[in-house]
1. Let a ≥ b ≥ c be the square roots of the eigenvalues of the Cα gyration tensor of segment 238-347; is it rounded (a/c under 1.5), or, if not, prolate (a/b larger than b/c) or oblate?
2. Which of rounded, prolate, oblate describes segment 361-449, given a ≥ b ≥ c as roots of the alpha-carbon gyration tensor eigenvalues and a/c under 1.5 marking rounded, otherwise prolate only if a/b is larger than b/c?
3. Summing +1 for each Lys or Arg and -1 for each Asp or Glu, what net charge is found among the other residues whose Cβ lies under 13 Å from the Cβ of Arg452?
4. Which percentage, to the nearest 5, of the DSSP beta bridges contained in segment 120-256 is antiparallel?
5. How high is the relative contact order of segment 120-256, in percent, counting Cα pairs under 8 Å that sit 6 or more residues apart?
6. Using only Cα atoms, locate the centre of segment 180-203 and the centre of segment 323-346, then give the distance between them in Å, rounded to an integer.
7. Could you tell me which of rounded, prolate or oblate describes segment 120-256, using a ≥ b ≥ c as the square roots of the eigenvalues of the alpha-carbon gyration tensor, with rounded for a/c under 1.5 and, failing that, prolate when a/b is larger than b/c and oblate otherwise?
8. How big is segment 262-507 on each of its three principal axes, counting only the C-alpha atoms and giving the largest first in Å?
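Rule-based calculations on the coordinates, nothing more; no lab input. Please read all numbers here as calculations on a predicted model, not as lab measurements. Here the Cβ positions follow ideal geometry from the backbone for every residue, glycine too, while neighbour counts run over all protein chains shown.
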Amino acid sequence: MKEKMQWPWPWRRRKVVVVVVLRKLLTCAICVIALMGLLSVRVHVFPSSKVSDLTDPYKLPTVTQQHELNYQKLSAEKKWTQELTPPHLSKEQAPPHLSKAPLSSHKPGSNYTAPDESRGYLLVHTNGGLNQMRAGICDMVAVARIINATLVVPELDKRSFWQDTSNFSDVFDEDHFINALANDVKVIKKLPKDLSSATKVVMHFRSWSGLEYYRDEIASLWEEFQVIRAAKSDSRLANNHLPPDIQKLRCRACYEALRFSPKIEAMGKLLVDRMRAYGPFIALHLRYEKDMLAFSGCTHGLSDVEAEELRTIRENTAYWKIKDINATEQRSRGYCPLTPTEVGIFLTGLGYPSNTPIYIAAGEIYGGDTHMADLRSRYPILMSKEKLASVEELEPFTNHASQMAALDYIVSVESDVFIPSHSGNMARAVEGHRRFLGHRKTISPDRKALVRLFDKIEKGLLMEGRKVSNRISEIHKKLQGSPRRRRGPVSGTKGMDRFRSEEAFYVNPLPDCLCKRVSENVNASTASMR
């Protein structure tokens, strides 16, 4: 047998080394190819051309961009929970006057039917100021649908603090209101004459009640009465857990049917036009009026004489139940409206320059120029309806608090940025309307947190500057009206306090009255955070 050829040892060693090197080179090549594949996928998913198109959170969008930034895009980019830092006003931003809702998704569902045959008449006596009455009227539209009633055009409150004698048709477009709701609820201007002397049952509907209460308890009254009179209208319908079509009806009533009267709409548009002549502007709901300060018991920055005047007003107003109020404690809890001086610090802290035009949406400021001097020194372009319009132009609305408030409401809804100094009925109503129109910028001051900063500044423990500005901006990063679901009750609350702690329907109509796709995006985003 032939012997096998044996290679010399150095040669065999060299062969092994070559094989090892080749294996390493092959492994590296495979890794490089895999890495390139991954990078190509990343580039495909996140193309660089898209990055530059993302909205700058520090700048208001142009009119064109506003229409393009639909709710689906907002949900994708802002994740429905993120509130962006406040923008500096830009001349490119100019929302259309008295604009309509960008979506039609608050329309009835496919199974929605015409109103059933009326079983009787619902009379409504509203209560409170303009925006409290607005919400109550919209709720009563829904109640009329639930109990199969013919709604008589509601009576406005003439006995409140403002003593306004305005009728429904003085403030709202009555014919439009009736026609706009024709497919939902039958609405008439007056009770038929043959029923004017009929026995009526006067009811104080239970606050925050659901469908069962109205269908079972209230609708059963038709067996005995033809006319039901609602003694009050505010907060009589639950915020949540109502059928989708009832929730959509509330939005149709509030944002489509309940239009202001033609003369108010025309004057409001004129004020918006004149305000826009100064450039993009902030509407500041400066709730520093005599009635607000007297009711809340807030006296910070006032003289002893002024504080005593407010105490006397509160003592003599019978339907204000709380008389003895600790002003210091009230303020520390964040229950007091910001003073004009505090508003100036707040706006400066947010970074708004001194040439920013500001529309003061308010009645007569308590103390007048004395308390407005510091704010005016910071922001000299302070305008109001009284400054934008002549005495003759405002004469038809003067001495009618609801009509004057309606003018402020229109300008506030159409402003580039809306800032309320207190979370009252007007602030909540405007915020909700602006959300409905596309989540327009609404900065809601965290008064409790701000008071601690203001006190340090007042005592000389903190100086205004970058540190204060950064702190104010950080506090309000998520308080600017961007899309989110309506908040439910505060954990641990029970009974009526539970309903009272819920975010009101008209403050945030999301998701009930907005696009179904948007609602799904909200749900998906919420689930992803759990």
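1. oblate
2. oblate
3. Net local charge, Arg452 excluded: +3.
4. Given both bridge residues lie in segment 120-256, the antiparallel proportion sits at roughly 0 percent.
5. Contact order relative to length: 38 percent.
6. 44
7. rounded
8. 47, 46, 42
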